[in-house]
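Accompanying notes for the structure given below.
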Ligand code: SF4
């Protein structure tokens, strides 16, 4: 590849939250190759198939190139001037008739931190609706809420290096081999490999990650809370807790110990389907470890009990003191490339810099920096993403603005989502790609620049702020999201007030540094250049809470008693399978990006359904049969059947990436009451030949 490129541009991968450093080759103004940056501390030259082919998305056939406005039922090209003026006028008209909160905005973890910060101000202080959220609520909100419950603040306490230095790594609901492939290499091999390290994977399915494990706990769906409470029970029973750490740095221990006393190994075995011996062995390994690391992703977060499951995981780390030391952390592995940067800088579930809506001092601090009256800043969070969608159905929301997200494929219970999109008066879709299943519903499409066409920062799972650089110019008339936000601010008449003198994302970064200064997520010491030169810099250093001081009222972490509720939609005679959904390494989310890459499409062109041989025999189904999955809501047809023992009897699995076989036609629209994250992982379905 070196011969085809004239220059190589250093940047950060724009897919997942691992945050690999890469070099993109450019020839004659076109991105022609990609390779891992050998000097980058995260990936040390490695890239997964998505990263290696990422340059192909820049000139993919599906790029959105012109603003489009629906006229007489058809989307027709218009000038930017007409597009933006129409947007501002239509929204003002709707807000005039239905109130400021009738606009709902859903942003994305794909935006640069600088863009997300700019957007938050525009939505809350420019359009003056509190109903602003990100698609990160579909993946990371439970981790955010769980950290807040235990530690008083969001912020993953550990580092990737901890996965290499821990002597016990426990992964719960986390198939990193498919979803965070370069991070996965930290566990299995390489210079950091420590002899005697034990990898334990908790997952109902024998995922690629489970196949790498020393111990795989093939748990019954949603048995995780019982297992975690049961491990805590054994740790306390067998004297494997750190009483000094508990006494110095936690509250609620006595009540917690009394609570988990009921989670005897026998009781937990009945709930989880795991043997008493295995549960005990895992508890002993974690309790006796010099340093224990617990990582999790969507198997934990995608649940109506996601936030408290995270708190339960944090309980284990706190009672053993497996936190704040090398190798010891309860660590949420995030999803999108900038899930972290957006949750730190956003104006969604918290005010920028992890500030609280209901804290007058926090609002005053921001008002001072912004030169506005603190009364302008909302005192409470507006609607979360699922509530915006529900609001559209019930008539509270009349205009929707989606930015770089594709809810028609990614949001649970498609039928309800479709109703929401068809109920509102005005839908704006701002995206780098068109048509998408969501832009088909749009009244206005704004073509946006994507990764590789703009400059700023992403922050990865380990809080590493990384530089993202411009490689090529956007196609057609596409503009960066940042430019679109400033142009809208101009039309709203708030540009000078909210963004005085701003021209580029560097101006947004400079203000964000001031806003985050002194906060836990403090970006103020790090210039773009220092970030670039270092291959990324972790805010907060290598790990948080090394001194055992937590950002709670009294500085102590909180142990929570976490109940273990059965999941909502249990199988019955009519719907006799539990459907689990997930991903594959070759594709990214709803494939707006990876569908542009020929190689990835050829590798995995279609969705499939996994079923255990026992069930296939009972239903007289054969491998490669086309099957239909039906839930109480709708059905998905034409899935190719894979008969495999990696899935347990009574369960089926399908990937969620494919619009044509949209798993969210059947998933359940149930949400965590704290985080508002959807329960994507369990719903009752039946399977028949198509
Ligand atoms: Fe990109 Fe994630 Fe793959 Fe790294 S592991 S190359 S960040 S998609």
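The values are calculated or read from the model by the stated rules, or taken from the named source; none is laboratory data. The structure presented is a predicted model; accordingly, all values stated were derived computationally and were not measured. For neighbour counting, all protein chains shown are included, and Cβ atoms are generated from backbone atoms with ideal geometry for every residue, glycine included.
Observations, loosely collected:
- Odd one out for residue 11, checked against (1) surrounded by fewer than 22 Cβ atoms within 10 Å (Cβ to Cβ); (2) in contact (Cβ under 8 Å) with a residue 40 or more places away in the chain; (3) within 12 Å of the ligand (Cβ to nearest atom): (1)
- Filtered by the rule that a residue be within 12 Å of the ligand (Cβ to nearest atom) and either part of a strand (DSSP E or B) or touching a helix residue (DSSP H, G or I) at 6+ places or on another chain (Cβ under 7 Å) (or both), the stretch 25-41 gives 34, 35, 36.
- So residue 65, is it assigned to a loop (DSSP other than H, G, I, E, B), farther than 29 Å from residue 161 by Cα and either within 16 Å of the ligand (Cβ to nearest atom) or more than 27 Å from the chain's Cα centre (by Cα) (or both): yes
- Tallying residues that are in a strand (DSSP E or B), over 20 Å from the mean Cα position of the chain (by Cα) and buried (at least 24 other Cβ atoms within 10 Å of the Cβ) within the stretch 304-358 yields 1.
- Yes/no for residue 170 being assigned to a helix (DSSP H, G or I), in contact with a strand residue (DSSP E or B) (Cβ under 9 Å, 6 or more places away or on another chain) and either at pLDDT 90 or above or more than 19 Å from residue 646 (Cα to Cα) (or both): no
- Exactly one residue out of 84, 75 is more than 16 Å from the ligand (Cβ to nearest atom), surrounded by fewer than 22 Cβ atoms within 10 Å (Cβ to Cβ), over 29 Å from the mean Cα position of the chain (by Cα) and closer than 17 Å to residue 441 by Cα: that is 75.
- Filter result (assigned to a helix (DSSP H, G or I) and surrounded by 24 or more Cβ atoms within 10 Å (Cβ to Cβ)) within the stretch 103-120: 113, 114, 115, 116, 117, 118, 119
- Inside the stretch 413-464, residues that are within 16 Å of the ligand (Cβ to nearest atom) and in contact with a helix residue (DSSP H, G or I) (Cβ under 6 Å, 6 or more places away or on another chain) make up a count of 4.
- Residue 227 being touching a strand residue (DSSP E or B) at 6+ places or on another chain (Cβ under 8 Å), surrounded by fewer than 22 Cβ atoms within 10 Å (Cβ to Cβ) and in a helix (DSSP H, G or I): no
- Screening the stretch 475-499 for residues that are out of contact with any helix residue (DSSP H, G or I) (no Cβ under 9 Å at 6 or more places or on another chain) and touching a residue at least 60 places away in the same chain (Cβ under 8 Å) and picking the one that is nearest to residue 83 (Cα to Cα) gives 478.
- When 668, 609, 641 are checked against the criterion of being touching a strand residue (DSSP E or B) at 6+ places or on another chain (Cβ under 8 Å), surrounded by 15 or more Cβ atoms within 10 Å (Cβ to Cβ) and without any contact (Cβ under 8 Å) to a residue 60 or more places away in the chain, a single residue qualifies: 641.
- Flag for residue 674 being more than 28 Å from residue 440 (Cβ to Cβ), touching a helix residue (DSSP H, G or I) at 6+ places or on another chain (Cβ under 8 Å), surrounded by fewer than 22 Cβ atoms within 10 Å (Cβ to Cβ) and without any contact (Cβ under 8 Å) to a residue 60 or more places away in the chain: no
- The stretch 14-33, residues that are in contact with a strand residue (DSSP E or B) (Cβ under 9 Å, 6 or more places away or on another chain) and free of Cβ contacts under 8 Å to residues at least 24 places away in the same chain: 23, 27
- Which listed residue is closer than 30 Å to residue 88 by Cβ, under 21 Å from the mean Cα position of the chain (by Cα), touching a residue at least 60 places away in the same chain (Cβ under 8 Å) and buried (at least 24 other Cβ atoms within 10 Å of the Cβ), from 173, 158, 134: 134
- Considered as a group, the residues in the stretch 42-62 that are in contact with a helix residue (DSSP H, G or I) (Cβ under 7 Å, 6 or more places away or on another chain) and in a helix (DSSP H, G or I) include one that is nearest to the ligand (Cβ to nearest atom), and that residue is 50.
- Hits in the stretch 371-424 (condition: free of Cβ contacts under 8 Å to residues at least 60 places away in the same chain, assigned to a loop (DSSP other than H, G, I, E, B) and closer than 17 Å to residue 98 by Cβ): 395, 424
- Test for residue 112: is it within 16 Å of the ligand (Cβ to nearest atom), closer than 29 Å to residue 390 by Cα, in the same structural domain as residue 454 (by TED's automatic domain parsing) and within 23 Å of the chain's Cα centre (by Cα): yes
- Single residue of 255, 262, 248 found to be under 24 Å from residue 219 (Cα atoms) and modelled with pLDDT of 95 or more: 262
- Count of the stretch 521-548 residues, restricted to those that are in contact (Cβ under 8 Å) with a residue 60 or more places away in the chain, over 16 Å from residue 510 (Cα atoms) and in a loop (DSSP other than H, G, I, E, B), is 10.
- Only a single criterion out of (1) within 16 Å of the ligand (Cβ to nearest atom); (2) closer than 20 Å to residue 322 by Cα; (3) modelled with pLDDT of 95 or more is not satisfied by residue 186, namely (3).
- Condition met for residue 381 (under 28 Å from residue 333 (Cα atoms), surrounded by fewer than 24 Cβ atoms within 10 Å (Cβ to Cβ) and away from the ligand (no atom under 16 Å from the Cβ)): yes
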